[in-house]
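Report on one structure; see the data block that follows.
Please treat every number below as a calculation from the coordinates, not as lab data. From a predicted model like this one, the values you see are computed outputs, not experimental measurements. FYI the Cβ positions are ideal-geometry reconstructions off the backbone, even for glycines, and counts take in every protein chain you see.
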Amino acid sequence: MFLELKNITKKFLSITALNNVSISFKKGEVHAIVGENGAGKSTLIKIIAGIYNADNGVIVLDGKEVKIPSPFSASKLGINVVCQEYNLAPNLTVLDNIILGKEPVGKFGRIEKNIARERLEEIINKYALHIDLNKFAADLSAAEAKIAEILKAYISKLEILILDEPTAALTEDDVVSLFRLISILKSRGITIIYISHRLDEVFQICDRVSVLKDGNYIDTFKVSDIDHDSLVKLMVGRELKKLFPASNVEKINQKDFVLSLKNLTDSKNFYDVSFDLHEGEIFGIGGMAGQGQREFIRSLFGAQLLTGGEITFKNNKLAINNPKQAVKNSFAFLSDDRRNEGLALTQSILRNISYPSQDKRANYGVIDKQKDKAVVSKYIQDLSIKITSLYQNVQGLSGGNQQRIVIAKWLLVSPQIMLFHEPTLGIDVGAKQDIYKLLRLFAEQGISIIMVTSDMLELLHMSDRICVFYEGRIQAIISNKEATEEKIMKAASGKSINEK
Amino acid sequence: MKNNKFTAKIKNYKKNSTGTIWLLLFAVFIIVSITVQDFTRPANLANVLIQMVPLGIVAIGQTIVMLGGGIDLSVGAQISFITIIASTFMGDSILSIIGVIVLCLLLGSLFGAFNGIILKYFSIHPLIVTLCSGFLFQGLAYSMHQTTGGYIPSIFRQIFTASYGFFSVPFGLFLMLFLIFNYLLKETKFGRYIYALGGSEEVLINVGINSDTIRIKTYIISGFLCAVTGLYIAARLRSGSAHYGSDYALLSIAAAVVGGTSMAGGLGSLSGTFAGAMMVSMFNNVLNNIGFKYNLQSAFYKDVIIGIILVVSMFFYRKREL
């Protein structure tokens with residue numbers, strides 16, 4: 001074994017994040033670590049990467065016990081981590097970022113950029129990577145940033161590469177090139193520790209997989225020895241089929257249309273979008289990344305401007321030019337960028353939930369705090385949000401709880417149309433199920449939902465109708481009964497769904 | 001993690017737009033040359049260059065501090081203090097002049113180090129730290145000298161303010177400092193690390209660089225350049241005063257920001273600051289030329305006009321980034 005973690009324990013105050021965990025990694029393998037949020041994956045890799053120090057236990061690297069007190073000492077040992085968060089200086093070029101701290105220096109302290117550039121270009125050409133060394137890191141796409149970070153690790157000593165949710169923000173094409181890079185690294189004997197929510201990726205590129213649950217080590221398998229459903233079962237103790245609540249499509253189809261869209265366009269990203277929405281229907285929108293779905297759902301809420309088309313809501317024509325008008329017409333919007341657009345991160349749970357509807361509980365602009373607290377508490381209970389106090393900051397909450405707080409805030413304005421953009425982005429499997437139940441519950445209560453998602457299973461199993469965008473236009477609208485993954489993929493690549 | 005702040009900020013990052021400010025400066029120069037009588041007289045143009053020197057030198061230091069993600073509000077008080085030290089201790093002998101120059105440069109560097117070390121050990125926002133240390137330096141200055149005065153030997157003044165046509169010692173000094181620090185920022189490791197510090201301190205720490213040391217050094221540079229400016233002002237005005245530096249904190253920040261340096265750090269260049277300082281100095285000169293210097297009331301109007309012009313020029317080419 002190349003890297004061994006023995007009896008690692010880590011506590012944060014009274015909470016045990018990792019309890020006596022022992023995992024071994026072989027040289028040159030791709031080893032996945034899976035588990036729900038809060039299972040301890042992040043804590044574990046942060047200990048290996050020197051961001052946290054373990055309370056107990058030892059790390060053995062190549063037969064020798066090592067101490068890893070800081071990320072820098074980890075990288076000196078050849079352990080590098082590519083986090084979910086951006087870890088490049090945004091104001092420096094890719095080249096400067098990659099050689100930061102290792103600049104070759106010539107006369108008069110001048111950095112010999114050309115030497116570094118030649119060396120890097122050699123590697124880039126050899127492996128046919130898509131990255132421009134002269135770009136500023138801030139201008140990189142998520143995929144390019146990952147490649148830059150991996151290159152940065154590669155040119156220093158690299159023995160173990162930890163990838164934490166590397167595909168979270170990548171398009172399908174980017175994922176393919178990332179996987180290619182991973183297999184190149186693997187063939188050069190580099191050990192890769194791979195963390196991902198997307199289990200199909202684990203089966204696609206990993207050799208072995210270890211499961212963590214509630215801070216405990218469960219087991220390690222060869223991926224060929226285990227299937228998707230049993231892996232999920234180990235992680236959460238539930239099967240996948242039970243993840244999605246059932247809906248009664250016939251009943252929904254008998255209901256009236258509440259919202260009717262005609263030829264909506266922003267003249268740039270999407271064109272001629274027309275469909276009618278039933279009361280209590282969940283209308284799912286999918287497609288490859290960047291086909292106009294994002295701009296479309298944002299325009300419906302007035303977060304971006306429409307340039308043409310008609311919105312009819314309950315037989316009234318609506319003009320939605322800004323979010324304020326949308327809210328007034330009882331639209332609610334849950335952004336995919338929850339941390340920036342959904343929540344005021346530094347504010348309390350109480351305030352976050354109260355904001356959009358607080359006028360209702362105010363007399364002459366003074367908020368009735370008792371009433372405010374009572375109403376908010378009720379919704380927190382209804383949605384079973386786990387909190388320690390109403391005055392707790394939302395920043396530290398898990399993704400699932402944060403999303404429920406955003407949902408609670410909108411429920412307080414009694415919405416009739418809810419727009420969900422990536423409803424379960426960054427949310428673990430167990431919490432996903434709860435969000436799905438809530439969506440279905442709202443639909444049954446008569447709220448109509450438009451959901452833009454890049455999660456195929458979610459699109460397939462949660463939607464009453466599925467709409468696929470391609471190059472800014474609706475390529476197909478498929479009913480729940482007829483929809484298959486194959487048909488959706490066909491439409492998403494611009495083909496007719498009946499084409500053979 | 002700390003980087004969450006960046007996801008929003010990243011969107012606003014743009015390439016350094018030094019070209020824009022030079023273009024703007026050139027345009028303003030043309031307009032002023034046509035509209036303002038006597039502006040293009042060689043003597044006046046040489047004057048504009050000399051007038052920008054003290055601001056230009058302080059602004060170099062300010063820019064370096066700002067690129068590292070900091071800010072130095074104490075520069076004004078530091079300059080004042082140095083003018084007082086120089087005018088109090090300088091005698092007529094060459095030895096005394098050189099000794100006092102060395103003393104002032106050391107003292108300035110020490111003030112900078114003081115700022116940087118306070119920042120390291122108390123982790124308070126640089127705005128607060130340098131505001132407070134500014135009060136401290138200002139107080140020290142007052143305690144030594146309540147009025148304008150002191151003695152500066154004439155040989156010191158003559159050397160420091162000598163000029164031959166377009167060439168002048170002060171502008172030459174500025175140009176030399178500009179070239180040295182521009183090289184430092186653009187070509188050396190230290191320069192890269194200052195930018196990285198302003199862009200993302202965590203990234204810098206994670207590659208094994210001591211970011212505190214880099215930050216302290218930027219403040220030392222700023223302090224050192226304040227001392228140079230203080231010496232020059234003392235020489236030009238042949239006296240020292242606790243007021244002499246008062247304008248420079250805000251003007252140096254203005255010159256840097258007009259020149260394209262980001263208040264958030266990590267973006268900007270000395271060349272931009274050069275143009276920014278030039279712009280401020282040019283407006284000053286023009287307003288003086290068209291008669292804003294004769295009485296107290298119009299001097300106040302001059303500040304108002306400079307303020308407006310600065311805001312407009314910042315808006316003109318920075319609107320995308322803000």
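Averaged across the residues of A:98-108, what count of C-beta atoms belonging to other chains lies within 10 Å of each residue's C-beta?
Per-residue shielding by partner chains comes out at 4.
Test of understanding: ordering A:T388, B:T40, A:T220 by Cβ neighbours within 10 Å, fewest first, what list do you get?
A:T388, B:T40, A:T220
I need two numbers for the protein assembly as shown: Rg to one decimal and Dmax as a whole number, Cα atoms only, in Å.
Rg and Dmax of the protein assembly as shown, Cα atoms, are 31.7, 103 Å.
Given charges of +1 on the Cβ of Lys and Arg and -1 on the Cβ of Asp and Glu, with all other atoms neutral, how large is the dipole of the protein assembly as shown about its Cα centre, in debye to the nearest 20?
Charge dipole, the protein assembly as shown, about its Cα centre: 1240 debye, nearest 20.
Partner chain Cβ atoms within 10 Å, averaged over the residues of A:129-139 - can you pull that number for me?
3
Would you tally the net charge around A:I449, using a Cβ to Cβ cut-off of less than 10 Å, leaving A:I449 out, and scoring K and R as +1, D and E as -1?
-1
Kindly put B:T147, A:T16, B:T130 in sequence by how many other C-beta atoms sit within 10 Å of each C-beta, fewest to most.
Taking fewest neighbouring Cβ atoms as first place, the list is B:T147, A:T16, B:T130.
Scaled to the compact-protein estimate 2.2 N^0.38 Å, what is the alpha-carbon radius of gyration of the stretch A:245-294, rounded to two decimal places?
With N residues counted in the stretch A:245-294, Rg over 2.2 N^0.38 Å equals 1.38.
Where Lys and Arg each count +1 and Asp and Glu each count -1, what net charge lies around A:K371 among other residues with Cβ under 10 Å from its Cβ?
Once all neighbours under 10 Å are counted, the net charge is +2.
Along the stretch B:247-261, what does the Karplus equation 6.51 cos²θ - 1.76 cosθ + 1.60 (θ = phi - 60°) give for ³J(HN,Hα), rounded to whole Hz, x for Gly and Pro?
6, 6, 4, 6, 5, 5, 5, 4, 4, 5, 5, 4, x, x, 7
Given Cα pairs under 8 Å that are at least 6 residues apart, what percent is the relative contact order of the stretch A:239-398?
Computed over the stretch A:239-398, the figure is 16 percent.
In the protein assembly as shown, with Lys and Arg counted as +1 and Asp and Glu as -1 at Cβ, which of these residues, A:S377, B:S246, A:G284, has the Cα nearest the positive end of the dipole, that is, farthest along it?
Result: B:S246, furthest along the dipole toward the positive end.
Per DSSP H run of n ≥ 4, the term is -39500 (n - 2.57); total these for the protein assembly as shown, divide by its residue number, and report the mean residue ellipticity at 222 nm rounded to 500 deg cm²/dmol.
Here the helix-only value at 222 nm equals -15500 deg cm²/dmol.
Over chain A, what is the relative contact order in percent, taking alpha-carbon pairs closer than 8 angstrom and at least six residues apart?
14 percent
Arrange the following residues from fewest to most other Cβ atoms within 10 Å of their Cβ: A:C83, B:C104, B:C226.
Neighbour counts put them in this order, fewest first: A:C83, B:C104, B:C226.
Restricting to DSSP loop positions (anything but H, G, I, E, B) with no more than 12 other Cβ atoms inside 10 Å of their own Cβ, which GluC sites (Glu not before Pro) remain in the stretch B:159-247?
none
Counting only C-alpha contacts under 8 Å and six or more residues apart, can you give the relative contact order of the stretch B:52-321 as a whole percent?
37 percent
Give the average, rounded to an integer, of partner chain Cβ atoms located within 10 angstrom of each Cβ in B:198-204.
Mean partner-chain Cβ count within 10 Å for B:198-204: 6.
Project the alpha carbons of the stretch A:249-492 onto their principal axes and report the range along each, largest first, in whole Å.
For the stretch A:249-492, the Cα extents along the three principal axes come out at 51, 38, 34 Å.
For the stretch A:222-292 and the stretch A:296-359, write down the distance between their C-alpha centroids in whole Å.
The distance from the Cα centre of the stretch A:222-292 to that of the stretch A:296-359 comes to 20 Å.
So if the hydrodynamic radius of the stretch A:3-236 is defined as the Kirkwood radius over C-alpha pairs, what does Stokes-Einstein give as its diffusion coefficient at 37 °C and 0.692 mPa s, in µm² per second?
177 µm²/s
Hull surface divided by four, with the convex hull built on the Cα atoms of the stretch A:73-188: how many nm²?
7.4 nm²
Under a point-charge model restricted to the Cβ atoms of Lys and Arg (+1) and Asp and Glu (-1), what is the dipole moment magnitude of the stretch A:3-236 relative to its Cα centre, in debye to the nearest 20?
So the magnitude is around 920 debye.
If I model a spin label at A:A128 and A:A246 as a point 7 Å from the Cα along the Cα→Cβ vector, what separation in nanometres do I get?
Modelled inter-label distance: 4.9 nm.
Hey, if you put +1 on the Cβ of every Lys and Arg and -1 on every Asp and Glu Cβ in chain A, which of A:Y52, A:L170, A:A32 ends up farthest toward the positive end of that dipole?
Result: A:Y52, furthest along the dipole toward the positive end.
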